[in-house]
Amino acid sequence: MRTRQNLTVILITLGLLTGGFASAQSIERPTQTQVPIVQLALDGPSQVDAGATFTYTLRYSISDFSTSNVVLSLALPARAILLENSGNGAINDVTQSVEWSYSNKEIGDYTETATFSALTPAPNGTEISFQATLDSDETEVISAQANSAIMSSPKLEYRSQLSSPILQPGGEITVTLTIDNSGSDDANGVQLHEVLPEGLHSADQGELSYSLGTIPAGQQVEVSYPVRADAGLLNQEYIGKLALSATNVAMQTSDHIYIVRQPLVLGAEAEALNQTSQESAAQEGQVLGAETELSPTGMSFWDWLLIYAAALLLALGVTTLIFAPHSKEHDKRIEEK
C-alpha cells in the first residue's frame, strides 16, 4: 500500500514538473526594440528689417540606429512670405507648412533651410513665430520653436514745387511741399516748419508751422502756402530753413531756395534801344546838315562819300600797276632814237 502511494506521488510530481516545463517553454521572451535617438533645433535671426529677406535653418541629428519614413516640417508663419527652401521640401496646403519627406535616414547630422521675406509695412517689434517638427516610424514627434522680431521705422522725405521758378520783387508764388513716408512704419505727430529769409513773407508771417498728424507707411501728404517778396528786393537767391520731424523720426533740416529777379522784357528793351539810336542819329543830322540823314540802308551821305573815295583810290592804284611798265618802255625807245 505504501509502495503504491509512493508511486502515485512520484507520478504526480513528474506530471507537475512536465506540465510546468511545457508552460515555461510556451512563453515568448520579449525582444529588445531598436529605438534611434533624434534631436531637432531651429535657428534664425532674432531681428529682421521689414521687407528684408532672411533664412531659417532646421538642424536635426539621428544617433544609435537609423530611422525610416522621416517627415520634417516647418509651419508657414503669418507675417512672412516663403521665397524658397532647400532639398525636396514642398508646401502642404492642408497643414500650411513646408515638409521634407525621406524613406530612410542613417545615423548622422542633417540640415534644411527655408528663406522668407518679412512683412512690410508692419508695426515695429511685430513677432514672427516659427515651429518645426520631426516624426518617424521609430520615434515620437519632437518639435522646436523660434521667433524673429520685425524692425520697422518711418522715413520722411519731401519734394518742393513752386508755381514759378522766379519770384519778382513785390510778387507772389505758391509753394507746394509733398511729404512722403517711404519707410516701413507709420510716422506719428509729423511737424513741418519753415523760417523764411528776410524780405519774404507768407500771410505777413516770416515763420510757418504745420501739424500733419500721422502719415502711414507708403503714404504722402501735401501742404501749400503763398510766399510774397517785398518790393525792391535785389536780384539774388534767398534761402529759407525747412525742418521736418515726427515723434518717432529725428528732425531733418534743409535749405529752401527762392530766386528773386526783376522781370526782363527783351523785345521792349531792344525796341527802346533802337528808338534811342535813331533819335541820336537824328540829332547828329540836325547838327551836320540835312545831307546827314540816314538812308534806307541806315548809312549817311558822308559814309557813302568815304566809300566812293576809297574805291576811286583803289582803282587808280590798280591802273598805275598795269600801265607803269609800258610807259617806262615807251620812254626808253624815244631816248634811243
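Looking at 174, 214, which one is polar (S, T, N, Q), in a strand (DSSP E or B) and closer than 30 Å to residue 122 by Cα?
Working: 174 fails: closer than 30 Å to residue 122 by Cα.
After applying the criteria, what remains is 214.
Hey, can you tell me all the residues within region 125-137 that are surrounded by fewer than 17 Cβ atoms within 10 Å (Cβ to Cβ), at negative phi and not in a strand (DSSP E or B)?
137
Select from region 217-245 the residues that are in a loop (DSSP other than H, G, I, E, B), under 34 Å from the mean Cα position of the chain (by Cα) and without any contact (Cβ under 8 Å) to a residue 60 or more places away in the chain and list them in ascending order.
Residues of region 217-245 that are in a loop (DSSP other than H, G, I, E, B), as a first pass: 217-219, 230-235.
Narrowing the set further to residues that are under 34 Å from the mean Cα position of the chain (by Cα) leaves 217-219.
Across region 217-245, the qualifying residue is only 219.
Residue 110: touching a Ser or Thr at 6+ places or on another chain (Cβ under 9 Å), in a strand (DSSP E or B) and more than 30 Å from residue 43 (Cα to Cα), yes or no? Reasoning before the result, please.
Values: touching a Ser or Thr at 6+ places or on another chain (Cβ under 9 Å): yes; in a strand (DSSP E or B): yes; more than 30 Å from residue 43 (Cα to Cα): no.
No.
How many residues are surrounded by 14 or more Cβ atoms within 10 Å (Cβ to Cβ) and within 22 Å of residue 171 (Cα to Cα) if we restrict to region 200-217?
Residues flagged as surrounded by 14 or more Cβ atoms within 10 Å (Cβ to Cβ) and within 22 Å of residue 171 (Cα to Cα) within region 200-217 amount to 5.
Go over the candidates 153, 117 one by one and state the one that is within 32 Å of the chain's Cα centre (by Cα) and either in a loop (DSSP other than H, G, I, E, B) or aromatic (Phe, Trp, Tyr) (or both).
Unique residue meeting the criteria: 153.
Hey, any hits in region 142-151 for a residue that's in contact with a Phe, Trp or Tyr (Cβ under 6 Å, 6 or more places away or on another chain) and modelled with pLDDT of 95 or more?
Within region 142-151, one or more residues are in contact with a Phe, Trp or Tyr (Cβ under 6 Å, 6 or more places away or on another chain) and modelled with pLDDT of 95 or more.
What do you reckon, is residue 142 among the aliphatic types (A, V, I, L, M), over 16 Å from residue 58 (Cβ atoms), surrounded by 13 or more Cβ atoms within 10 Å (Cβ to Cβ) and more than 40 Å from the chain's Cα centre (by Cα)? Quick ask: steps written out before the conclusion?
Working: among the aliphatic types (A, V, I, L, M): yes; over 16 Å from residue 58 (Cβ atoms): no; surrounded by 13 or more Cβ atoms within 10 Å (Cβ to Cβ): yes; more than 40 Å from the chain's Cα centre (by Cα): yes.
So residue 142 does not fit the description; no.
Looking at the structure I just gave you, is residue 143 within 19 Å of residue 238 (Cα to Cα), of a type in the set (Gly, Ala, Ser) and not in a loop (DSSP other than H, G, I, E, B)?
No: the conditions fail for residue 143.
The values are calculated or read from the model by the stated rules, or taken from the named source; none is laboratory data. Note that the coordinates shown come from a computational prediction; the quantities given were computed from them, not determined experimentally. Because the Cβ atoms are built from the backbone with ideal geometry, glycine has one as well, and the counts that use them run over all protein chains shown.
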